[in-house]
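A short worksheet on the structure shown next.
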Amino acid sequence: MSIDQTDRRILAVLQKQGRISNAELSERVNLSASACHRRVHRLEADGYIRDYVALLDPRKMDVPTTVFVEITLSGQADEVLEAFEKAVARIPDVLECHLMAGTADYILKVVAENTDDFARIHRQHLARLPGVAQMQSSFALRTVFKTTALPV
């Protein structure tokens, strides 16, 4: 199913203000409250809206250090990829894992308290991942820009 401009306006508002009331949302997108409510439910049912979440401040949660880890596997067989993906998904410090085209097979986004904490994560989790041939870690010095909002 395709979405129209009104749906896109709804999605744009909800991406930035997920806790907005239906009454306020309907005003912002110029719809009646009931029509707005029906559209939001349809967008949820059709999978355009996947989840509603609270975005936490990494500094307040004592994980201000972001590390991007490039991983090259020893092989590309389905079993190797599946074993790696299943194991990496169980590491709570890994926020994202992407299968890549290019020099690395995967790139991970990892959060840590500091370099010592990352060393612990590396030793206890990352170094034990199945099929890993090589790892390269890059520490983010500062986050210049970050958003969760997709272009609509």
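Compute the helix-to-body angle for 78-88: its Cα long axis versus the longest principal axis of the chain, expressed 0 to 90° and rounded to tens. Its long axis makes an angle of about 80 degrees. Under 26 Å of direct C-alpha separation, and excluding same-chain neighbours fewer than eight residues apart, LYS16 reaches these lysines: LYS60, LYS109, LYS146.
Helix content alone sets the calculated 222 nm mean residue ellipticity of the chain: runs of n ≥ 4 DSSP H residues at -39500 (n - 2.57) each, divided across all residues, give -10500 deg cm²/dmol. Which one is right for this structure if Cα extents along the principal axes in Å is calculated from it: (1) 43, 41, 34; (2) 57, 37, 24; (3) 80, 26, 22? Given (1) 43, 41, 34; (2) 57, 37, 24; (3) 80, 26, 22, the structure-derived one carries the label (2). To the nearest 0.05, how large is the calculated FRET efficiency for ARG50 and GLN136 if R₀ is 30 Å and r is the Cβ-Cβ distance? For R0 = 30 Å, the calculated efficiency reads 0.45. Can you check what the net charge comes to around HIS98, using other residues whose Cβ is under 14 Å from the Cβ of HIS98 (Lys, Arg +1; Asp, Glu -1)? Around HIS98, the surrounding residues sum to -3. Packing here is the average count of other Cβ atoms within 10 Å per residue, and on that basis the peptides 43-53, 102-112, highest first, run 102-112, 43-53. Taking each residue as 0.36 nm, the span from VAL152 to ALA87 lengthens on full extension beyond its C-alpha to C-alpha distance by 20.0 nm.
Among the protein heavy atoms of the chain, carbon and sulfur supply 51% of the accessible surface, probe 1.4 Å, non-protein parts ignored. Between LEU99 and GLN124, the contour length at 0.36 nm per residue exceeds the Cα-Cα span by 6.8 nm.
The values are calculated or read from the model by the stated rules, or taken from the named source; none is laboratory data. Every value quoted in this text rests on a predicted model; they were computed, and no experiment measured them. Don't worry about glycine lacking a Cβ; one is built from the backbone with ideal geometry, like all the others, and counts go over all protein chains shown. Surface areas here come from the heavy atoms of the whole protein model, side chains and all, with no ligands, DNA or RNA. Shrake-Rupley method; radii C 1.70, N 1.55, O 1.52, S 1.80 Å.
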